[in-house]
Amino acid sequence: MNGSTAALPDEMKCFICRSKGEYGIGSRPVPDVGEGEVLVRVLAVGICAGDAKCYAGAARYWGDDRTPCYVEPPMIQGHEFVGEVIKLGQGAGEMYGLSIGDNATSENIVPCWNCQQCLQGRYHLCEGERSHPHVVFNSVLNFFRCSPSCVWLASDMSRLALRESAFAEYMKFPKGAINYKVPKSIPAWQAAFIEPLACSVHAVELGSVQFRDTVVIAGCGPLGLGMVAAAKLKNPTCVIALDLYDWKLEVAKKCGADVVLNPSHCDVVEKVRSLTREQGCDAYIEATGHPQSVKQG
Ligand SMILES: [Zn+2]
Ligand SMILES: [Zn+2]
């Protein structure tokens, strides 16, 4: 169904990144929607570790001798979101199966739908040109660079177009975006976790976890905990969760970890060997973001 609800304001409040560590409340025009576009009222948005690193001025975002800057301030970040559909451009309702009042989220990459990679579903490798780039919601490049589930390789960063995202009252899903209706039974604060959870599930899929495996998930932040839950659903012999904080390990147990180990209390490598008849684990998934954990794996 097309159409709109009550009249929208002209301006919206948003949280704007102006420079390293310089963020603040500002205002922007409420986006209008054209053909195939969706406007949502943002209900909830998560703060990614990447958002925090960007705020802190990390070189991987702002550049240094070796890394080009890719942040384009002033910009609105926020890529873990859910919103209520309040306006549908022509054809958008039919295109995405959305109606006014639905809750919805959208994949972070908007494919160009033109190139061979996008047409084969590998839109993270989009070969779209700058004149017809694929779009990435701001800050999602964290996932290209530092995420525990970092498996995407952008073939050419200059082909990406960052667009304004969810740290705002309203947000537009552009034409061609991959949008999903979110059941109202999922509270907004939980639905904002759909995007990070999808990354966790993806990482576990890449681990090709088998029934007889011992799986180690290093790091029990939100991503790691999602991996623990996803790995458990694969029904391996044993899921072992590692973290330096015991309270996080308690949450990992609730998420399905069979064994939890705190590297500050024990020799984790030795312990995993002893649990696996000296074989070691079959899959090790790094979710701490710390180089030491990679070596340990
Ligand atoms: Zn994120
Ligand atoms: Zn493409």
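Just so it is clear, none of the values below were taken in a lab; they were calculated from the coordinates. All values reported here derive from a predicted model rather than from experimental measurement. Methodologically, a virtual Cβ is constructed for each residue, glycine included, from the backbone with ideal geometry; neighbour enumeration extends over all protein chains shown.
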Could you tell me the calculated FRET efficiency between Val269 and Leu244, based on Cβ-Cβ distance and R0 = 25 angstrom, to the nearest 0.05? 0.95
Gyration tensor (alpha-carbon) shape descriptor, the stretch 157-216, a/c threshold 1.5: oblate
Net charge near Gly78 (other residues with Cβ under 14 Å of its Cβ; Lys, Arg +1; Asp, Glu -1) is 0
Among trypsin sites (Lys or Arg not before Pro) in the stretch 5-38, those in a DSSP loop whose Cβ has at most 16 other Cβ atoms within 10 Å are Lys20
Can you give the convex hull volume per residue for the Cα atoms of the stretch 36-94, as a whole number of Å³? 115 Å³
How big is the shadow of the Cα convex hull of the stretch 203-296, averaged over all directions, in nm²? 5.2 nm²
So which of Lys184/Lys253; Lys232/Lys254; Lys184/Lys254 end up more than 18 Å apart by C-alpha? Lys184/Lys253; Lys184/Lys254
What ranking, highest mean first, results for peptides 165-172, 201-208 when packing means the other Cβ atoms within 10 Å averaged over each residue? 165-172, 201-208
Please find the FRET efficiency linking Leu233 to Lys181, where r is the Cβ-Cβ separation and R0 is fixed at 30 Å, and quote it to the nearest 0.05. 0.85
Once the in-chain neighbours fewer than 8 apart are removed, the lysines whose Cα is under 23 Å from Lys20 read Lys53
Percent of all Cα-Cα pairs per 10 Å bin for the chain, counting from 0 up to the last occupied bin, reads 6, 25, 31, 24, 11, 3, 0
For the chain, give the share of DSSP beta bridges that are antiparallel, in percent and rounded to the nearest 5; count only bridges with both residues there. 65 percent
